[in-house]
Structure formats: structure tokens, C-alpha cells
Amino acid sequence: MLICNTSAFDIVGIMTTLDIKTAIESDMYSVIEVLKRAFVSDPIARWFWPDPSNYFYNFFRFARAFGGKAFEQKSAYYIGNYSGAALWLPPDVDPDVDTMMSILQTTSSKESQTDGPKVFEKLSQFHPHEPYWYLLSIGVDPLYHGKGLGTALMEHATTKFDKDNITAYLESSNERNISLYKRHGFESLGTVQLNTSPTIYPMIRKPKAR
């Protein structure tokens with residue numbers, strides 16, 4: 001009986017998690033919470049907050065400053081019962097950089113307080129000159145890894161970008177995710193690394209003919 005229930009749960013769970021929804025303001029807490037779980041071992045996030053308690057305490061405020069406008073723009077997406085999520089910003093909409101910097105300067109590690117602004121400055125040089133969609137964050141609850149949720153979230157967005165003939169851009173500090181991005185048409189623009197910071201990979205995606 002237990003085996004049958006577990007199998008049924010897995011089948012239903014996978015089917016449910018592939019149902020992608022547009023997040024609204026009331027979903028913000030749940031969406032950022034799944035991103036918090038997803039980024040718990042992310043190199044740049046843990047460079048900011050190597051202490052686990054600081055990471056869990058400060059991630060929400062930083063993620064809201066970084067990606068909160070995605071909820072206003074209706075470009076925040078989640079899968080199933082908040083098993084995974086992605087935050088995008090449309091062209092000409094920027095993160096709340098002042099609030100981001102304020103949070104980092106008062107909560108993050110000494111190394112990132114010193115080098116973080118320089119890292120962001122170097123990354124800004126890779127941003128496309130043409131209008132582009134900016135992938136701020138994409139993540140899946142570790143419990144649901146390997147079930148295609150990341151692929152579904154990426155396809156949901158890139159299909160729209162191809163239809164609208166528009167560029168997309170992202171930055172990743174997790175090498176394990178690079179293959180996923182490349183499968184969805186992203187190409188590396190180079191790397192950014194300064195002193196103790198992790199290596200960050202800016203990537204661009206030109207629209208594809210479908």
C-alpha cells in the first residue's frame with residue numbers, strides 16, 4: 001500500500017509541478033522561499049552570506065529588491081505548488097539596485113562588501129545594448145531536482161522570446177547550470193571574477209526561428 005501511494009504521489013506530483021503559473025504579489029513570499037531553498041549552495045549567494053543563519057535571514061529581502069519588480073510586471077513564474085520558480089525583468093525595467101547595495105553593505109561578508117560593487121560593475125559591461133529580457137533567478141526545490149522543472153520554466157519563457165524576436169540575458173555563478181542554459185540557446189560572453197568572488201558567467205540568448 002505504501003509503495004502504491006508513493007508511486008501515485010510521484011506521478012501526480014510531476015504532472016502538477018509542470019503546470020506553470022504567473023505569480024502575483026500574494027505569491028511573492030512562496031516564490032522567494034523556493035528560490036531560497038534552491039540557492040542554498042549557490043556560490044555567489046553563499047559568498048555574500050557564508051553563515052547559514054545570515055543567508056536564511058537576509059535572502060528574502062535581497063531577492064525582493066533584486067526581483068520584486070517581476071511580480072509587478074507579471075513576469076514571475078512558478079511551477080505546481082511552488083516547486084520551482086523563475087523571475088524575469090522585461091526590457092527597460094531594472095532591479096532596485098540602491099536597496100540591493102544597502103542590504104549587502106550591512107549584512108554580507110566583509111569580502112563581498114568590498115568586492116561586490118566592483119563585481120556588479122564588471123557584470124554591467126556584459127549587458128546587451130539592444131532590448132532584452134533579464135533572467136534574475138531560476139531555481140527548483142532540491143526535492144524536485146531531475147524532474148524537468150528547470151527545463152519547463154526555461155521553455156516557458158524562451159518560447160515567448162522567440163515569438164517576440166527578442167534577446168535574453170542571464171548571469172550564473174553555478175557551473176552545473178551552464179549546460180541547462182546552453183541547451184536553451186544561451187551562449188557565454190566571458191567570465192567575471194575578482195579576488196575572493198566566485199566566477200560568474202554572463203550569457204546571452206538571441207531569438208531563434210521556430
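Values for this structure:
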item	result
15 Å Cα-Cα reach of residue 182 towards aspartates and glutamates, excluding residues that sit fewer than 8 places from it in its own chain	155, 171
Residue exposure sequence - 120, 62 - by fewest surrounding Cβ within 10 Å	120, 62
Test item: Cα-centred dipole of the range 2-205, Lys/Arg +1 and Asp/Glu -1 on Cβ, debye	320
Inter-centroid distance (Cα atoms) of the range 68-93 relative to the range 136-210, Å	14
The chain: relative contact order as a whole-number percent, Cα under 8 Å and 6+ apart	22
Violating pairs (Cα-Cα greater than 32 angstrom) within the set 74/206; 110/160; 74/122; 21/122	110/160; 21/122
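A short reminder: the numbers here are calculations on the coordinates, not readings from a lab. Predicted, not measured: the structure shown is a model, and the values here were computed from it. Note: ideal-geometry Cβ built from the backbone for every residue, glycine included; neighbour counts use all protein chains shown.
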